[in-house]
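Novice: Got a structure here, written out as structure tokens. Questions coming.
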Amino acid sequence: MILAIDGPAGSGKSSTARAIAARTGLLYLDTGAMYRAVALRFLEAGAEVTEKDAVDILDTLNLDIRYENGDMILRLDGRDVTGLIRTRDVATMSSRVSTLAPVRKKMVEEQRRIAEQECAIGKGVVIEGRDIGTVVFPEADVKIFMDADPRERTRRRIRDLKEAGESPDEEEIFQEIVDRDRRDRSRDLSPLRPAEDAIFIDTTNLSFSKQIDMIESAVRERLG
């Protein structure tokens, strides 16, 4: 089966997807990490956020996804970048490069290939992002759309950054989240929006365990 979890930054979809994968035995695929890896290449190459530069970047991009003890490991051109892609600069660039048609086309192809490969051998995937239930896998067995108040998402982002050793400014992070929401929701190509048949979950005042239980219940019901 394919479980699609969509939502804006800070809604809790990544941590939720990992937890659901661990409980159900589904493979976890973090599509945001894939876009971040491309963004890291853009930054390191000093490339412009244009379709022309995107074609050049993607032409030589070697993105390898592996799993170790259930964790997704990203290797970019032979090196492990799993930790490097979690900076604010990469996150901001990721939001920009994800609007480019060549980038989205390449990433969607990879996401479908990985998920279909798992399903072909009798397994399943929990895949999270911003357009999974609407564009990448509109036929997903279960679709979830998670959201939360921007201020709550800001608090979560600040907590994560502090754990990573950074000293973020609350208003700067809040504005980054608001700006990213606007870009994601208004872009012409694969805008962020819930699928018509998605289960909507507002996580603003919801405990982590509760949201996991809600999604797991939907998955178990689908699996019979």
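All of the numbers you see were taken from the coordinates with simple rules; none came from a lab. Everything quoted here is computed from the prediction, not taken from an experiment. Glycine also receives a Cβ, built like all others from the backbone with ideal geometry; neighbour counts cover every protein chain displayed.
Novice: For Ile177, Ile215, which order do you get if you count the other beta carbons within 10 Å of each Cβ and list the fewest first? Write down the numbers at each step before the final one.
Specialist: Working: Ile177 19, Ile215 24.
Fewest-to-most Cβ neighbours within 10 Å comes out as Ile177, Ile215.
Novice: Cα centroids of the stretch 194-218 and the stretch 75-135: how far apart, whole angstrom?
Specialist: 22
Novice: Can I ask one more? Just the ratio, please: alpha-carbon radius of gyration of the stretch 14-80 over 2.2 N^0.38 Å, N its number of residues.
Specialist: Details: Rg = 14.2 Å, N = 67, 2.2 N^0.38 = 10.9 Å.
This ratio for the stretch 14-80 stands at 1.31.
Novice: Long-range amide H contacts for Asp149: which residues qualify at under 5 Å (H placed 1.01 Å from N, peptide plane, sequence gap of 5 or more or a different chain)?
Specialist: Residues meeting the criterion, in which the H sits 1.01 Å from N, are Thr204.
Novice: List every residue whose amide H lies under 5 Å from the amide H of Ile144, counting only residues 5 or more places away in sequence or on a different chain, with H placed 1.01 Å from N in the peptide plane.
Specialist: Ala4, Ile5, Asp6, Ile199
Novice: With a 10 Å Cβ neighbour count serving as the proxy for reagent exposure, in which order, fewest first, do Val126, Val178, Val90 appear? Don't skip to the answer; put the middle values down first.
Specialist: Values: Val126 32, Val178 13, Val90 20.
By the 10 Å Cβ count, ascending, the order reads Val178, Val90, Val126.
Novice: Would you work out the charge dipole size for the chain about its Cα centre, treating the Cβ of every Lys and Arg as +1 and the Cβ of every Asp and Glu as -1, and quote it to the nearest 20 debye? Please list the in-between numbers first.
Specialist: Values: 36 positive and 43 negative charges, 52 e Å.
In total the dipole reaches around 240 debye.
Novice: May I ask you to evaluate 6.51 cos²θ - 1.76 cosθ + 1.60, the Karplus curve with θ = phi - 60°, for each residue of the stretch 70-75 and list the ³J(HN,Hα) values in order in whole Hz, giving x for glycine and proline?
Specialist: x, 8, 7, 10, 9, 10
Novice: To continue, here is another question. If contacts are Cα pairs under 8 angstrom and at least 6 residues apart, what is the relative contact order of the chain in percent? Don't skip to the answer; put the middle values down first.
Specialist: Working: 335 pairs, mean separation 74.5, N = 224.
RCO, the chain: 33 percent.
Novice: Output wanted: per-residue J couplings in Hz (rounded whole) for the stretch 112-129, from phi through Karplus 6.51 cos²θ - 1.76 cosθ + 1.60, θ = phi - 60°, x for Gly and Pro.
Specialist: Rounded to whole hertz, the list is 5, 4, 5, 5, 5, 5, 5, 5, 5, 9, x, 10, x, 9, 9, 10, 10, x.
Novice: Given the Cα atoms of the chain, and with Rh set as the inverse mean 1/r over their pairs in the Kirkwood sense, what is Rg to Rh to two decimals? Walk me through the numbers on the way to the answer.
Specialist: Values: Rg = 16.7 Å, Rh = 17.8 Å.
Expressed as Rg/Rh, it is 0.94.
Novice: Right, here's the next one. Assign unit charges at the C-beta atoms only (+1 for Lys and Arg, -1 for Asp and Glu), then state the dipole size of the stretch 1-133 relative to its Cα centre in Debye, rounded to the nearest 20.
Specialist: Once rounded to the nearest 20, the dipole reads 340 debye.
Novice: Where does the charge balance sit around Val55 when Lys and Arg score +1, Asp and Glu -1, over other residues with C-beta under 11 Å from its C-beta? Each step should come with its number before you reach the end.
Specialist: Details: positive: Lys52, Lys105, Lys106; negative: Glu51, Asp53, Asp56, Asp59.
Taking every Cβ under 11 Å from that of Val55, the sum is -1.
Novice: Further, regarding this structure: Can you list the HN-Hα couplings for the stretch 152-163, worked out from phi with the Karplus curve (6.51, -1.76, 1.60; θ = phi - 60°), rounded to whole Hz and with x for Gly and Pro?
Specialist: These are the phi-based 3J(HN,Hα) values: 5, 5, 5, 4, 5, 5, 4, 4, 5, 5, 5, 5 Hz.
Novice: Further, regarding this structure: Counting Lys and Arg as +1 and Asp and Glu as -1, what is the net charge of the other residues whose Cβ lies under 9 Å from the Cβ of Ala45?
Specialist: Values: positive: Arg41; negative: Glu44, Asp53, Asp56.
Net of charged neighbours comes to -2.
Novice: In the stretch 2-223, what % of DSSP beta bridges are antiparallel (nearest 5)? Mind dumping the intermediate values first?
Specialist: Details: 8 of 25 bridges.
Just about 30 percent of them are antiparallel.
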